[in-house]
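Each remark here refers to the structure printed beneath this line.
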Amino acid sequence: MEPIRVEIDGREPTVADLYQPLLSNYGHFTAMQVRGGRVRGLDLHLARLAGATRELFGTDLDTGRVRELLAHAVRGVPDASVRINVYRREELTTMVFVRPPNRPPAEPLRLRSAPYVRPAAHLKHVGGFGQGYWGRRAEAEGFDDALLVDPSGAVCEAAIANIGFFDGTVVTWPDAPHLPGIAMQLLKPRLPSKDARVGLADVGAFRGAFVANSIGVAPVAAVDDVTFGVDAVLMRLVADAEASIPWDAI
């Protein structure tokens, strides 16, 4: 998907500007969908960037300035997919990618389990080789994406999304190492939710599952050879919860 606009600190980058982000795998980002010039969970996105900046670079991020850079990058583009990267050259640098809007998959997803835990899984960091590797392996085997599983057999997350499992009453969010996605943070208090260990061997005890990320939500049709019907009760709960999330003006 070709970008509509790329800006570094509010201006079009030169080739020299791109050396650091292209050659270094040290940095972090957040991704969001913009609709009508608004974003769901904007404060959570900014808090994510601020927290990761403190952890990775030992300094504070001016989130007000980041918001200004976001607004500048999406000028004249009311609907878009946006990614904001933070990395460091001599000083903190913010890169904003603006691309056409994205939408969740039209069909339920089939996930293939993969023995992989993202390093520093709580951070949305750059350098996602492992996720890409296992995602491609899953696709080569006829699945849609990978489901990451830790050495103990506990489900962590999908390759680029959180996953929730439904028992007919409560959505269980796996508590193995994972990224606390913005979509998950917004949905969790709006759904009957709990955090708990979900073993790969126990997935078949649930009656439904779904994935959630910045693009949206999608039902899960299968994990390995365990199949799920699209649970109407679950997806209605999720759809209602998602519809209740406000959109924040940039």
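The values are calculated or read from the model by the stated rules, or taken from the named source; none is laboratory data. Only a predicted model underlies this, so the values are computations on that prediction, with no experimental measurement involved. Here the Cβ positions follow ideal geometry from the backbone for every residue, glycine too, while neighbour counts run over all protein chains shown. Please note that ligands, DNA and RNA were not included when accessible areas were found on the heavy atoms of the full protein model with its side chains. Shrake-Rupley method; radii C 1.70, N 1.55, O 1.52, S 1.80 Å.
Which of (1) of a type outside the set (D, E, K, R); (2) farther than 30 Å from residue 244 by Cβ; (3) modelled with pLDDT of 95 or more; (4) open to solvent by 30 Å² or more (accessible area, probe 1.4 Å) does residue 71 not meet, given it meets every other one?
Checking residue 71 against (1) of a type outside the set (D, E, K, R); (2) farther than 30 Å from residue 244 by Cβ; (3) modelled with pLDDT of 95 or more; (4) open to solvent by 30 Å² or more (accessible area, probe 1.4 Å), the one that fails is (2).
Return the only residue of 241, 154, 209 being in contact with a helix residue (DSSP H, G or I) (Cβ under 8 Å, 6 or more places away or on another chain), open to solvent by less than 10 Å² (accessible area, probe 1.4 Å) and more than 22 Å from residue 117 (Cβ to Cβ). Step through it out loud before you land on a result.
Working: 154 fails: more than 22 Å from residue 117 (Cβ to Cβ); 209 fails: more than 22 Å from residue 117 (Cβ to Cβ).
Just one listed residue meets the conditions, 241.
Can you say whether residue 89 is at pLDDT below 95 and surrounded by fewer than 16 Cβ atoms within 10 Å (Cβ to Cβ), as far as the supplied structure shows? Walk me through it before giving the result.
Numbers: at pLDDT below 95: yes; surrounded by fewer than 16 Cβ atoms within 10 Å (Cβ to Cβ): yes.
In short, yes.
Considering segment 13-62 alone, what residues qualify as being within 21 Å of residue 187 (Cα to Cα) and aliphatic (A, V, I, L, M)?
Within segment 13-62, 31, 32, 34, 39, 42, 44, 46, 47, 49 meet the criteria.
To keep it simple, each residue is scored yes or no on (1) farther than 17 Å from residue 150 by Cβ; (2) in contact with a helix residue (DSSP H, G or I) (Cβ under 7 Å, 6 or more places away or on another chain); (3) open to solvent by 50 Å² or more (accessible area, probe 1.4 Å).
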residue: 96; (1), (2), (3): yes, yes, no
residue: 108; (1), (2), (3): yes, no, no
residue: 119; (1), (2), (3): no, no, yes
residue: 126; (1), (2), (3): yes, no, no
residue: 136; (1), (2), (3): yes, no, yes
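Having 1 or more residues that are within 13 Å of residue 98 (Cβ to Cβ) and either free of Cβ contacts under 8 Å to residues at least 60 places away in the same chain or under 22 Å from the mean Cα position of the chain (by Cα) (or both) is the bar; report the helices (runs of 4 or more DSSP H) wholly within segment 1-83 that clear it.
63-73
Criterion first (farther than 18 Å from residue 106 by Cα, of a type outside the set (D, E, K, R), touching a Phe, Trp or Tyr at 6+ places or on another chain (Cβ under 9 Å) and in a loop (DSSP other than H, G, I, E, B)) does residue 168 satisfy it? Write out each step before concluding.
On the way: farther than 18 Å from residue 106 by Cα: yes; of a type outside the set (D, E, K, R): yes; touching a Phe, Trp or Tyr at 6+ places or on another chain (Cβ under 9 Å): yes; in a loop (DSSP other than H, G, I, E, B): yes.
Taking the combined requirement at face value, the residue satisfies it.
Condition first: loosely packed, with under 13 Cβ neighbours inside 10 Å and in contact (Cβ under 8 Å) with a residue 40 or more places away in the chain. Now tell me which residues in segment 212-238 satisfy that. If you could, list the steps in order and put the result at the bottom.
Going residue by residue through segment 212-238, those that are loosely packed, with under 13 Cβ neighbours inside 10 Å are 225, 227, 229, 232-233, 236.
Residue satisfying the conditions is 233 alone.
Which one is farthest from residue 119 (Cα to Cα), of the residues in segment 48-58 that are open to solvent by less than 60 Å² (accessible area, probe 1.4 Å) and out of contact with any strand residue (DSSP E or B) (no Cβ under 7 Å at 6 or more places or on another chain)?
From segment 48-58, those open to solvent by less than 60 Å² (accessible area, probe 1.4 Å) are 48-53, 56-57; that's our starting set.
Pick out the ones that are also out of contact with any strand residue (DSSP E or B) (no Cβ under 7 Å at 6 or more places or on another chain) and you get 50-51.
Working: 50: 19, 51: 17 Å.
If we take residues in segment 48-58 being open to solvent by less than 60 Å² (accessible area, probe 1.4 Å) and out of contact with any strand residue (DSSP E or B) (no Cβ under 7 Å at 6 or more places or on another chain), then 50 is farthest from residue 119 (Cα to Cα).
Out of (1) within 20 Å of residue 32 (Cβ to Cβ); (2) over 16 Å from the mean Cα position of the chain (by Cα), the odd one out for residue 159 is which?
Failed condition: (2).
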